[in-house]
Every structure is written in C-alpha cells, then in structure tokens.
Amino acid sequence: MKLRILAGAALLAALSPAAAERGGSFRDWTLSCTPGLLCTAATFPQGGRELTSFGLERGASEDAPVRLLLGLGEDHALSGDVAVKVDGADTLTLPASAFTKDTETQLSARHEGIRAILVPRFKNGTSVEVTARLGGRDVSQVFSLSGVVATLRKMDDDQRRIGTQTALVDRGDKPLPDRSALPQDVAAPDDLPAPVRALWEGAGGCSDRDPDAFGDLGFSVPFGTDARLFVLACGMPGAYNAPSRLFSLSGDAADIVPLATMTADGPAADLMAWNVDLQGDRLSSFFKGRGIGDCGQTATWRIDTEAGAVILTEAREKADCDGEGGDPAEWPLLWPKR
C-alpha cells in the first residue's frame, strides 16, 4: 500500500491559499454544485405555494444541456403547456412532454430553447413569470431575476467555461479546458473502474449501503499523471456522520489512500473521512461528536493533483460537548502547530 501522505515540517512547506469555493448567493439567487460540478441556480419567491422555486441546472461536460427546474408546493400532475414570460413578454412555451418528474415536488425540462432563447433574455430582465396547469387548475408565479446573471456567471466560472462558446454568459472564443481535469461525480458502484470497485467492495463494509436510500456514491479528481483519486461513501451512515474512504487509480492499478491527520496525542494516519466536502482543491472532513455539532473533529487536506498527494493543512478538535460549539473553524487548533 502506498502512503500518499505528508506530515511534519514538510507539510508546512506545502500550504497554499484555499481555492475559491463552489456556489454562493447572489441577491435573490443561490448557486449550489456537487463535487463533480453539477450546478443548480435557483430562486425562491416569498409566499410561493403552488410553484415554490425556479431554477436552471447544468453539468460540467462540454455538451451538457441546461435544464429548467420547477419546485412544486404539492405532488400535482402537470398537464398542458408551461409558459415562461420575462418582464411580461412571451419568451418560451414548453409542452408538458418536455418535463419529467424528478421527485414528488420537482419538475425538470430539457429543451434547446432554454439556453438559446430564455437565458439570453435574463440579462436585461427583472422578473420571470411561469404559468402552468397543475392538478387540473392554472397556476402562476412571478420570480425575481435579481442576481441571476451573477449566479450564471459563477456557474460558468466553477465549470471553467468563462470566455468559451459553451458559457451561459460572457461567451468568447477561448478553447474549453480539458473536461477530464475537472472533478467527476460517481453515482453508483457500476460507474467505478473495475480495480477501484474491487478495492471498495473488499474494504471492510464499504459496500454495505442501501443504494436507494442515499445520493451519489462519491466523486473523483485528477491525482497525478493519468491517475484519479476517488472519494467514496463507505458503509451505512449514522444519524449524523457519513463515512468515506479514498482510493487511487493509475492505469490498471488501484490503491487505498490513507489520510494524514493530527490528534491530541500526535500525528496519525486514518482510513476514514467523515461528512466530506470538496471546495476547489480542498477536501474537508467533519466528524460530529453529537447531532448538534458542538464537538468533534475537523480536518482539511489539499489535493495536489500534479504530485498525486493528499496534504493535511488543518486539524481541529473540540472534545467537550457543552452546547457551546460555535464555529468549528474556531475550535482548538491541532495543526498546524503554533
């Protein structure tokens, strides 16, 4: 087993400023992205009952379509066309057949007019009105467009589309960066390369999970020359802690990747990360001592995609579950030493 970890004095030299975080809030709009950069821009009107949200979703692949999302107040069937108006002007009409029901309370549509017609009208618009027939009656809701351009620009930035022909705003003639260099979501075990899946299935209970009860299995990122690092759910999550383990793949060779960490007793290596998140090149773990999160351990590592290393940059711990947790970013610092 290869130990791709750095600790001690060498670790200090590897520290670098944190990468920009995914997503954000822009006036009346919010942007959220999975680690694999499936991004959703959405707005939520005050008092919306039948139509509770309006949004756009797009993956990071070069030809990823833009999907229109509608949140529903109740589980109602859609019938008839869905009309979308920007500032009162007829802009796009979608047939009911363009929509699928993702969940009981969310509809989504794929249509070439969403990107080609609707999105360009957002630039100078102030509001968008959606009219649909739900549950046998016509409903209508107005949504604010304040902040939508900044939100879509951030989506383009997160997906490295700025200045390219694939951008939603600020298009240009720049070449699109290599998509293989981006993080990629892993939806299910069937999406794993065979060597990684074999390690994951044999790694002590990792595959003991109900695939219908949870979301994606994890994600992967570049990890050295022609290699990838996989961060995968491992076992059944508890009430407030979900475990993950790390695996690498280079050619046909897969390996388990332990994590350098720091404890009150000194440095250690751990095979588990908890409640993981990825922001730029920073992988974080937050083990909650109890549900309210007022105690536990946090750690952050920098993923060096060129060297193929996972480098501890910060570790904190609060052992006293006293109800005074505050911000975990301000818990007692274990690493780096001061």
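The values are calculated or read from the model by the stated rules, or taken from the named source; none is laboratory data. Fair warning: this is a prediction, and the values are worked out from it, not measured in the lab. So basically every Cβ, Gly included, is an ideal-geometry build from the backbone, and we count neighbours across all protein chains shown.
Just so you know, in the stretch 266-281 the residues that are outside any loop (DSSP other than H, G, I, E, B) and under 13 Å from the mean Cα position of the chain (by Cα) include one that is modelled with the lowest pLDDT, and it is Gln279. Beta carbons closer than 8 Å, at least 6 apart along the sequence or on distinct chains, pair a first residue in the stretch 101-124 that is closer than 10 Å to Leu68 by Cβ with a second that is of a type in the set (Ser, Thr, Tyr) for Leu107/Thr100; Ser108/Thr100; Ala109/Thr100; Leu118/Thr91. Inside the stretch 194-231, residues that are surrounded by 15 or more Cβ atoms within 10 Å (Cβ to Cβ) and touching a strand residue (DSSP E or B) at 6+ places or on another chain (Cβ under 9 Å) make up a count of 22.
Highlighted here are the strands (runs of 3 or more DSSP E) found entirely within the stretch 152-265 that include at least 2 residues which are over 21 Å from the mean Cα position of the chain (by Cα), free of Cβ contacts under 8 Å to residues at least 60 places away in the same chain and in the same structural domain as Asp277 (by TED's automatic domain parsing): 243-250.
Restricting attention to the stretch 294-318 and to residues that are touching a residue at least 40 places away in the same chain (Cβ under 8 Å) and in a loop (DSSP other than H, G, I, E, B), the residue that is surrounded by the most Cβ atoms within 10 Å (Cβ to Cβ) turns out to be Gly308. Under 22 Å from Gly24 (Cα atoms), out of contact with any helix residue (DSSP H, G or I) (no Cβ under 6 Å at 6 or more places or on another chain) and surrounded by fewer than 18 Cβ atoms within 10 Å (Cβ to Cβ): does that describe Arg179? Spelling it out, it is not the case that Arg179 is under 22 Å from Gly24 (Cα atoms), out of contact with any helix residue (DSSP H, G or I) (no Cβ under 6 Å at 6 or more places or on another chain) and surrounded by fewer than 18 Cβ atoms within 10 Å (Cβ to Cβ).
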